[in-house]
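Student: The structure under discussion is supplied below as structure tokens; questions concerning it will follow.
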Amino acid sequence: MSTVISVVSAVFWGVLILSVLVFVHEGGHYLASRAFHVRATEFFLGLPSRWKISRKSKKVGTEFGVTPFLLGGYTQICGMEPVSDELLAPALQLVMRRGRIPVTDVASELGIDVDHAYGLLVSLCDWAAIRPYYDPELGETPSQKNYPSSFETLERDPNHLTEYDRGHDFSLPGTTAAGEPHETGMSADEFLAHERSRTYLGASFPKRVAMLAAGPLVNIVLAFLIVTFAFMVRGVDYIPNVNTLGGVEEGSIAQESGLEGGDTIVAIGDTDVDTWDDIVLALQPLLESEEDFQIVYERDGATFTTTVDLPDGEKVEALGISSQPRQTYHPGFLEAAQATLDYTGQVASYVAQLLVPTRTMEILDQSSSIVGISAMAAEAASTGLYNLMMFAAAISMSLGFMNLLPIPPFDGGKILIEIIQLIIRRPLSMRAQSALSYLGVGFMIFVFVVVLKNDIFRFLIG
């Protein structure tokens, strides 16, 4: 029974921490997209699913909700997939002119097959420029797996803004409802450019990079704040590095020599000491020599000298003295932030070494999969909120830096593709992007298998 409880506890805490951190990660992408006026149609806690509880925002159009599969989260930013089809503009113009149009009519008007027409319309749906129309008379419902037979316009104000665009005002004269024709007053190419400007693809290079980097950076910032405020609130435990004894063990050589807790050690043998570290360093060679030596100490303002009589023929490893008890230091914000910054640098360096072939396996052997994370999360939760929060911060920071690695499909890999496209001044071919993605997925599978094997031996087999 205890084993079952342990497993359930590990699954619960592992899923909870990972879900929250991935949700926060996706929140970074979402907030960045909204800041740059890029459309985002969905923002969910949990993996994509047909079953969900959600609410559509009247202000920004985004559907916020939760799905049953609570292992992460996702946001749907419009126009993430590259599209280059000269018929995209006329297809959009057809929908705007008709209001609602069957796919077969689009195919007929453009002289293409139905599959090609579907591809164009689905791409425009991904831009939130149009939407599918589910005809109840045909038995079509939004919950069906395939797209319906028709597509329609979205509600637009006179400035052509949809519910997903900041600043829309549907109370203005000239607003058209969903499914009604909408006069754009532009050429097909001009209106397509207008719609593209509201997508990820239409954003400038700095904005695209910022949207990609926002997710990992939010994870890192969250971890930074947690660790910094944890240092400030709980404080940092430390052992005072002073030469005053905290205690003397009963029956020890130190007690037989007359030493007591509170005595301040001045000299050991021929060595003057000022700190606890000095005491440890001075004692070690004298104990190993097995020869008697003297200690000079102060008590109540007076100075005394005692001779430490080591047992003949016996190896002595400890004198029987202890340092001052642990104390807690509460740093201010700047000092705590500096300590957290040092920790952040260590994590970044650790993750970056995954890319160094000579260090990859060493780093992976010290890493954990979801199995290990779940087990450690449960253990941290059992020891208190502080340890749980610090563990979550460590995972959040690692997750952030992992996603910044220049490996597709990580965010860092997507940023790498954006940089390559900026250098070559043209979109990277889908074949090249696919090749990079396959390499990245292969690396991720390799990492997953190695760390999972390590966790199985570490936590399940022992």
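Student: Which loop-located trypsin sites (Lys or Arg not before Pro) does region 76-166 contain, where loop means any DSSP state but H, G, I, E or B and the Cβ has at most 10 other Cβ atoms within 10 Å?
Tutor: Numbers: sites: 97, 98, 100, 145, 156, 166; in loops: 145, 166.
Passing sites in region 76-166 are 145.
Student: On to the next question. Binned at 5 Å from 0, what are the whole-percent values of the Cα-Cα distance distribution for region 221-298, short to long?
Tutor: 3, 13, 19, 20, 12, 6, 6, 7, 7, 5, 2, 0
Student: Report the equivalent ellipsoid semi-axes for region 318-462 in whole Å, largest first, defined as the square roots of five times the eigenvalues of the gyration tensor built from alpha carbon atoms.
Tutor: On the way: eigenvalues 277, 94, 40 Å².
Each semi-axis is the square root of five times an eigenvalue, giving 37, 22, 14 Å.
Student: Separate question: Per residue, how much accessible area does region 212-294 have with a 1.4 Å probe, in Å²?
Tutor: Values: 4180 Å² over 83 residues.
Result: 50 Å² per residue.
Student: Moving on to the next point. Quick check: from the Cα gyration tensor, does region 143-261 come out rounded (a/c under 1.5), prolate or oblate?
Tutor: The shape class here is prolate.
Student: Only sites in a loop by DSSP and with at most 13 other Cβ atoms within 10 Å count here; which trypsin sites (Lys or Arg not before Pro) in region 237-345 make the cut? Please list the in-between numbers first.
Tutor: Working: sites: 299, 315, 326; in loops: 315, 326.
Answer by residue number: 315, 326.
Student: Relative contact order of the chain: what whole-number percent is it, with Cα pairs under 8 angstrom and at least 6 residues apart?
Tutor: Values: 754 pairs, mean separation 68.8, N = 462.
Relative contact order for the chain comes out at 15 percent.
Student: While we're on this one: Averaging sequence separations of C-alpha pairs under 8 Å and six or more residues apart, then dividing by the length of region 110-197, give the relative contact order as a whole percent.
Tutor: Numbers: 91 pairs, mean separation 18.5, N = 88.
In percent, rounded to a whole number, it is 21.
Student: From the convex hull of the Cα coordinates of region 61-206, what is the mean projected area in square nanometres?
Tutor: Details: hull surface 42.1 nm².
Average projection, Cα convex hull of region 61-206: 10.5 nm².
Student: Mean 1/r over all different Cα pairs, inverted: what Kirkwood radius does region 30-97 give, in Å? Numbers along the way, then the final one.
Tutor: Numbers: mean 1/r = 0.0724 Å⁻¹.
Mean inverse Cα-Cα distance, inverted, gives 13.8 Å.
Student: If you don't mind, another one. Taking a quarter of the surface of the Cα convex hull of region 196-259, what do you get in nm²? Mind showing how you got there, number by number?
Tutor: Details: hull surface 34.4 nm².
Its average projected convex-hull area is 8.6 nm².
Student: Expressed as a whole percentage, what fraction of the accessible surface of the chain belongs to carbon and sulfur atoms when a 1.4 Å probe is rolled over the protein heavy atoms?
Tutor: C and S atoms contribute 60 percent here.
Student: Select from the chain the helices, each a whole stretch of DSSP H, whose alpha-carbon atoms run 15 Å or more along the helix axis and whose Kyte-Doolittle mean is at least -0.5; answer none if there are none. Intermediate results must be reported in sequence, preceding the final value.
Tutor: Values: long enough: 2-35 (49 Å, 1.36); 88-98 (16 Å, 0.64); 114-126 (18 Å, 0.88); 205-234 (42 Å, 1.62); 276-289 (20 Å, 0.60); 333-352 (28 Å, 0.43); 370-382 (18 Å, 1.43); 385-403 (27 Å, 1.27); 411-424 (20 Å, 1.39); 430-455 (36 Å, 1.16).
Length and hydropathy pass: 2-35, 88-98, 114-126, 205-234, 276-289, 333-352, 370-382, 385-403, 411-424, 430-455.
Student: Then there's this: Looking at the square roots a ≥ b ≥ c of the eigenvalues of the Cα gyration tensor of region 385-462, which shape do they give, rounded for a/c under 1.5, prolate if a/b is larger than b/c, or oblate? List each step's numbers first, then the result.
Tutor: Working: a/c = 5.79, a/b = 1.81, b/c = 3.20.
Oblate is the answer for region 385-462, as a/c is 1.5 or above yet b/c matches or exceeds a/b.
Student: Let me ask something additional. What number results when the radius of gyration of region 1-66, computed over Cα atoms, is divided by 2.2 N^0.38 Å? Walk me through the numbers before you get to the answer.
Tutor: Working: Rg = 15.8 Å, N = 66, 2.2 N^0.38 = 10.8 Å.
With N residues counted in region 1-66, Rg over 2.2 N^0.38 Å equals 1.46.
Student: Helix-derived [θ] at 222 nm for the chain: sum -39500 (n - 2.57) over DSSP H runs of at least 4, divide by residue count, nearest 500? Mind dumping the intermediate values first?
Tutor: On the way: 14 runs with 221 residues, N = 462.
That comes out to -16000 deg cm²/dmol.
Student: When only DSSP loop residues count, what GluC sites (Glu not before Pro) in region 36-96 have their Cβ near at most 14 other Cβ atoms within 10 Å?
Tutor: Numbers: sites: 42, 63, 86; in loops: 86.
Of the GluC sites (Glu not before Pro), the ones in loops of region 36-96 whose Cβ has at most 14 other Cβ atoms within 10 Å are 86.
Student: In addition: Taking every eigenvalue of the Cα gyration tensor of the chain, multiplying by 5 and rooting it, what semi-axes result, largest first, whole Å? List each step's numbers first, then the result.
Tutor: On the way: eigenvalues 886, 96, 88 Å².
Taking √(5λ) for each eigenvalue gives 67, 22, 21 Å, largest first.
Student: Taking a 1.4 Å probe, which of 127, 51 shows the most accessible area, and what order do the others take after it? Can you show the working numbers first?
Tutor: Working: 127 0, 51 165 Å².
Final ranking, largest accessible area leading: 51, 127.
The values are calculated or read from the model by the stated rules, or taken from the named source; none is laboratory data. Note that the structure is a prediction, hence the values are computed from the model and not measured. Here Cβ is always computed from backbone atoms with ideal geometry, including for glycine, and neighbour counts include all displayed protein chains. The protein model used for the area step is the full one, side chains on, heavy atoms only, and it has no ligands, DNA or RNA in it. Shrake-Rupley method; radii C 1.70, N 1.55, O 1.52, S 1.80 Å.
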